[in-house]
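Peer 1: One structure, as C-alpha cells, below. Some questions next.
The values are calculated or read from the model by the stated rules, or taken from the named source; none is laboratory data. Quantities reported herein were computed from a predicted structural model and do not represent experimental measurements. Glycine also receives a Cβ, built like all others from the backbone with ideal geometry; neighbour counts cover every protein chain displayed. Surface accessibility is based on the protein's heavy atoms, side chains included, excluding ligands, DNA and RNA. Shrake-Rupley method; radii C 1.70, N 1.55, O 1.52, S 1.80 Å.
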Amino acid sequence: MSDTDLEDLPGVGSKTAEKLRDAGYDGLMSIATMSAADLSEVADLGNKTANKIIQAAREELDLGFQKGSDKMAERENMSKITLSSTKFDDLLDGGVETQSITEFYGEFGSAKTQCALQLAVNAQLPEEEGGLDQGVIFIDTEDTFIPERVEQMAEAKNMDPDDVLDNIFVARAYNSDHQILLGDKAQDIMKDNDIGLIVVDSLTSQFRSDYVGRGQLADRQQKLNEHMHTLQRLANTHNAAVVVTNQVMSNPGQLFGDPTSAIGGHIVGHASAFRIYLRKSKKNKRIARLVDCPYLPEGEAVFQVTENGIEDA
Ligand code: GTP
Ligand code: MG
C-alpha cells in the first residue's frame, strides 16, 4: 500500500484531513471505500469534491477491476475459526470465515452469545487447532460478555484463561451511536494489535430501542447499513472475521413480520455472507441452520452447550 497522506489527495486541505481523522477515517482505504454522501457529511464538503477525493484515493490504491487470480490470492489468505463442534464446522465447511460477516440469529436463549464467546476464545487457538492465533474485539451491547464464562471455555481447551482475556478488547456500547463509534474505533485498535475477529453481540438491540416506530425504520436501516459497511471494510482490510448476533422476536408483532426473518431485515441479510439461524432443541441441544449461503449447501447441524462451551451433541 502507498504512503500517501490524506493531505496529498487533491481537495483535501489540513482542515479536511483533520475532520476526517477525527471521524476515524485516517487511511486511504477508509476514504476509498466511503460513499460520496458520507464523506461530504463527515468532512463538510460538497458532493462533487467528495467524489473527486474518493476517486483519487481509489486511483492511488489502484482499486477497481481485479484479476480473477488476484481475487483467488485474496481468498487464499482467508482462514476459518472452529466452533468446537465437528458437525457445526462441517456445516460451514470448516468454520467461521475471515473477510466476511457471519450473522447468528435466533430467539433468546438460542446460544447466539455462547457461539460469540466460543469464537472469541477459539480465534486465539493456534492455526493447526482451528484458530487464527490472533486477538479479538468484542463490542458488547447487552452486557453479556461474562469473563468467567470465557475463562471456563478457555480452561476446557487448556488455554491460559488470563492470556485469553488479555487478548480480547471488550467495549460496552450504550446506544446505537456509541456502537457505531466503537465500530470506527475498532480500526485504531486493529492498527496497533493483531486482531483476527470482531464480534458485535448484539448487532441490532440498541438500534431497535433507539429507533422505535415505523417512521424511524428508514433511518435505522441506513445507520445499520453504514455500521455493517464499516465492519465489512475492517474484515477486508485486516483479513478478519466479523461475527454479529441478531435476535429474532418470538412474538413477532406487526413491526417486523415473519418471526424467522431477523431484525434489520434484508439490509443485515445482504451484508452478511453467512447467516446462521439457531434454534433450541431438547435440553442443552441447539440446531444451527445455514441460510442463503452463496456457495455452501443449506443444511443443519446439531450441537450442544455445556459448561465447556460449544460441543458436539
Ligand atoms: P439472547 O441474547 O437472550 O437473545 O440469547 P442468546 O441466543 O444469546 O443465548 P445464550 O447464548 O445466552 O444462551 C443461553 C443458553 O446457553 C442457556 O440457556 C444455557 O442453556 C446455555 N449456557 C450458558 N452458559 C452455560 C454454562 O455455563 N453451562 C451450560 N451447561 N450451559 C450454559
Ligand atoms: Mg445473547
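Peer 1: Is the range 206-225 home to any residue that is open to solvent by less than 30 Å² (accessible area, probe 1.4 Å) and touching a strand residue (DSSP E or B) at 6+ places or on another chain (Cβ under 7 Å)?
Peer 2: No, the range 206-225 contains no residue that is open to solvent by less than 30 Å² (accessible area, probe 1.4 Å) and touching a strand residue (DSSP E or B) at 6+ places or on another chain (Cβ under 7 Å).
Peer 1: Ok, one more. Of the conditions (1) more than 16 Å from ligand 2 (Cβ to nearest atom); (2) open to solvent by 10 Å² or more (accessible area, probe 1.4 Å), Ile81 fails just one. Which one is it?
Peer 2: The failed condition is (2).
Peer 1: Next question. Need the failing condition index for Glu60 against (1) within 22 Å of Pro294 (Cβ to Cβ); (2) touching a residue at least 12 places away in the same chain (Cβ under 8 Å); (3) open to solvent by 70 Å² or more (accessible area, probe 1.4 Å), just the number.
Peer 2: Of the numbered conditions (1) within 22 Å of Pro294 (Cβ to Cβ); (2) touching a residue at least 12 places away in the same chain (Cβ under 8 Å); (3) open to solvent by 70 Å² or more (accessible area, probe 1.4 Å), the odd one out for Glu60 is (1).
Peer 1: Specify which of the listed residues (Ile180, Ile146, Ile139) is closer than 12 Å to Val200 by Cα, of a type in the set (A, V, I, L, M, F, W, C) and open to solvent by 10 Å² or more (accessible area, probe 1.4 Å). If you could, list the steps in order and put the result at the bottom.
Peer 2: Details: Ile146 fails: closer than 12 Å to Val200 by Cα; Ile139 fails: open to solvent by 10 Å² or more (accessible area, probe 1.4 Å).
Every option except Ile180 fails the conditions.
Peer 1: When only residues in the range 234-244 that are in a helix (DSSP H, G or I) and open to solvent by less than 30 Å² (accessible area, probe 1.4 Å) count, which is farthest from Asn77 (Cα to Cα)?
Peer 2: Applying the filter and picking the extreme gives Leu234.
Peer 1: Give the residues of the range 11-68 that are closer than 19 Å to Leu182 by Cα, among the hydrophobic types (A, V, I, L, M, F, W, C) and in a loop (DSSP other than H, G, I, E, B), sorted by residue number.
Peer 2: Residues satisfying the conditions are Ala23, Met34.
Peer 1: Can you tell me which residues in the range 112-131 are among the hydrophobic types (A, V, I, L, M, F, W, C) and surrounded by 23 or more Cβ atoms within 10 Å (Cβ to Cβ)?
Peer 2: Once the filter is applied, which keeps residues that are among the hydrophobic types (A, V, I, L, M, F, W, C) and surrounded by 23 or more Cβ atoms within 10 Å (Cβ to Cβ), the range 112-131 yields Cys115, Ala116, Leu117, Leu119, Ala120, Val121, Ala123.
Peer 1: Between a first residue in the range 162-177 that is more than 16 Å from Asn122 (Cα to Cα) and a second residue that is open to solvent by 80 Å² or more (accessible area, probe 1.4 Å) and part of a loop (DSSP other than H, G, I, E, B), which pairs have beta carbons less than 8 Å apart while being 6 or more apart in sequence or on different chains?
Peer 2: Arg172/Asp143
Peer 1: Considering every residue within the range 167-176, establish whether at least one is within 19 Å of the chain's Cα centre (by Cα) and β-branched (Val, Ile, Thr).
Peer 2: Going through the range 167-176, the residues within 19 Å of the chain's Cα centre (by Cα) turn out to be 167-176.
Keeping just the survivors that are β-branched (Val, Ile, Thr) gives 168, 170.
The answer is yes, given that some residue of the range 167-176 is within 19 Å of the chain's Cα centre (by Cα) and β-branched (Val, Ile, Thr).
Peer 1: Moving to a separate point now. For Val136, indicate whether it is of a type outside the set (Lys, Arg), within 16 Å of ligand 1 (Cβ to nearest atom) and modelled with pLDDT of 95 or more.
Peer 2: no
Peer 1: Kindly provide the set of residues from the range 95-109 that are open to solvent by 10 Å² or more (accessible area, probe 1.4 Å) and hydrophobic (A, V, I, L, M, F, W, C), ordered by number.
Peer 2: Phe108
Peer 1: May I pose another question? If you take the residues in the range 149-172 that are open to solvent by 10 Å² or more (accessible area, probe 1.4 Å) and among the aliphatic types (A, V, I, L, M), which one is nearest to ligand 2 (Cβ to nearest atom)?
Peer 2: Looking at the filtered set, the residue picked out is Val170.
Peer 1: Right, next: Could you tell me whether the range 288-309 includes any residue that is small (Gly, Ala, Ser), within 16 Å of ligand 2 (Cβ to nearest atom), out of contact with any Asp or Glu (no Cβ under 7 Å at 6 or more places or on another chain) and at pLDDT 95 or above?
Peer 2: Just the residues of the range 288-309 that are small (Gly, Ala, Ser), to begin with: 288, 299, 301, 309.
This time we only want the ones that are within 16 Å of ligand 2 (Cβ to nearest atom), so: 288, 309.
Restricting the remaining residues to those that are out of contact with any Asp or Glu (no Cβ under 7 Å at 6 or more places or on another chain) gives 309.
Applying the additional criterion that residues be at pLDDT 95 or above yields 309.
Yes, that holds for at least one residue.
Peer 1: If you don't mind, another one. Restricting the first residue to the range 106-129 and requiring it to be assigned by TED's automatic domain parsing to the domain that holds Phe169 and hydrophobic (A, V, I, L, M, F, W, C), which pairs with a second residue that is within 16 Å of ligand 1 (Cβ to nearest atom) and part of a loop (DSSP other than H, G, I, E, B) meet a Cβ separation below 8 Å and a spacing of at least six or different chains?
Peer 2: From the range 106-129, the pairs are Phe108/Ser250; Cys115/Leu83; Leu117/Phe145; Leu117/Ile146; Leu119/Leu83; Val121/Lys157; Leu125/Lys157.
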